[in-house]
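J.: Input: one structure, supplied below.
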Amino acid sequence: MNDEGKTREQLIHELQHLRHRVSGFQQVEEALHAAEAQKQAILDASVDRIRLTDSDMRIIWANKTTAQAVNLVPEELVGQYCFEALVGRSSPCSGCPSRKALKSGHMEHALVHRSGSKSTKGEAYWDNYAVPIKNESGTIVHLVQITRNVTRQKLAEKALKEREKELKVKAASLFDLNAALRVLLEQKDNDRADIEEKVMLNMRELVLPFIEKLKKTSLASKQAAYVQVLESNLNDVISPFSRTLSAKFLSLTPTEIQIAGMIREGKMSQEIADILNLSKRTVESHRGSIRKKLGLQNKKANLRSHLLSI
């Protein structure tokens, strides 16, 4: 039936139906525009540089973050190679994840270090991702490129590693210094022990025997008192060995410590008896007690050699 054969009511009905369909298309179009605007707003708000390229790596779309890095608007990037527009190169960067993605067919990632580029002054580190988009036949037709500036993080890590190296060097230096100080302190202790031993031996061999002889002479009471004070003071001077011996072997009596000191100096039992005004038998008894307390009983070890090792 042609339009002339249609009734007025039929025409009005068809017109209303057509208007309804047009209205539906407009609503769909408005919804698509709204969705596109939302997507655009989200991508433009990202701190990452986000781009859509074709399989030749020509830019189809870029967010504002990408364009602002090279002082352009997004529309001015369209049609340019990404490596040319953003880095100022005539070919893709070494290790480019987009080239890898085009070859592998999968998402690829690479950390790129540059000492300077079209969009960055000085040293910079970029975290790069490339995601391939395929058609129904599986052919890659587009790439989504995402780039994030991680320079601050990487420089901080680099500085931290340098600091760790410095601390390790300082720790090693301190260890060596401490070792050297320990050696010096040990040497100081050894030197002090040697000096104390020499003083003690000189006193016992060159001074005390004469004091003993002096005590056996006829002395006035005041002279005897002076000799006693002199002997006491000299014993204080030569006491380091006695203190060491008594600290190591607390079971020794004061007399045994005194006799051990004389044995250490090389004196024989009769000499010790004469100096201490004791019998030789008593000195021998003390020698046996000293050997027992020092764990030398029934052993062939020389008592003087053992005392010298203390």
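J.: Counting only Cα atoms, I'd like the Rg/Rh figure for the stretch 46-149, Kirkwood definition for Rh.
T.: Dividing the radius of gyration by the Kirkwood radius yields 0.95.
J.: Next up: Can you spot the lysines whose alpha carbon is less than 21 Å from Lys198's alpha carbon? Ignore those fewer than 8 places along the same chain.
T.: Those lysines meeting the cut-off are Lys188, Lys248, Lys267.
J.: Which length gain, in nm to one decimal place, applies between Lys213 and Lys299 when the Cα-Cα distance is subtracted from 0.36 nm times their residue separation?
T.: That pair, Lys213 and Lys299, stretches by 27.4 nm at full extension.
J.: Would you mind ranking His109, His286 by Cβ crowding within 10 Å, fewest neighbours first?
T.: Starting with the residue having the fewest Cβ neighbours, the order is His109, His286.
J.: Between Val229 and Arg152, what is the label-to-label distance in nm when each label sits 7 Å out along the Cα-to-Cβ direction?
T.: 8.3 nm
J.: Give me Val47, Val141 sorted ascending by neighbouring Cβ count inside 10 Å, so fewest comes first.
T.: With the fewest neighbours first, Val47, Val141 line up as Val47, Val141.
J.: If you wrap a convex hull around the C-alpha atoms of the stretch 72-113 and split its volume per residue, what is the figure in Å³?
T.: 101 Å³
J.: What ranking do Met107, Met262 get, fewest neighbouring Cβ atoms within 10 angstrom at the top?
T.: Going from least to most buried by this count: Met107, Met262.
J.: Once label points are set 7 Å from the Cα along Cα→Cβ at both Ser94 and Arg291, what is their separation, rounded to one decimal in nm?
T.: Placing both labels 7 Å beyond Cα along the Cβ direction yields 8.4 nm.
J.: Right, here's the next one. What distance in nm lies between label points placed 7 Å from Cα along the C-beta direction at Lys280 and Val47?
T.: Inter-label distance under the simple model: 9.9 nm.
J.: Shifting gears a bit: Would you mind counting up the charge near Ile50? Only other residues with Cβ under 12 Å from its Cβ, with Lys and Arg at +1 and Asp and Glu at -1.
T.: So the surrounding residues net to +3.
J.: Which lysines, on any chain, are close to Lys300 with Cα under 18 Å apart, when same-chain ones fewer than 8 places away are left out?
T.: In chain and number order, the partners are Lys292.
All of the numbers you see were taken from the coordinates with simple rules; none came from a lab. What you are looking at is a predicted structure, and each value in this text was computed from that prediction instead of being measured. Here Cβ is always computed from backbone atoms with ideal geometry, including for glycine, and neighbour counts include all displayed protein chains.
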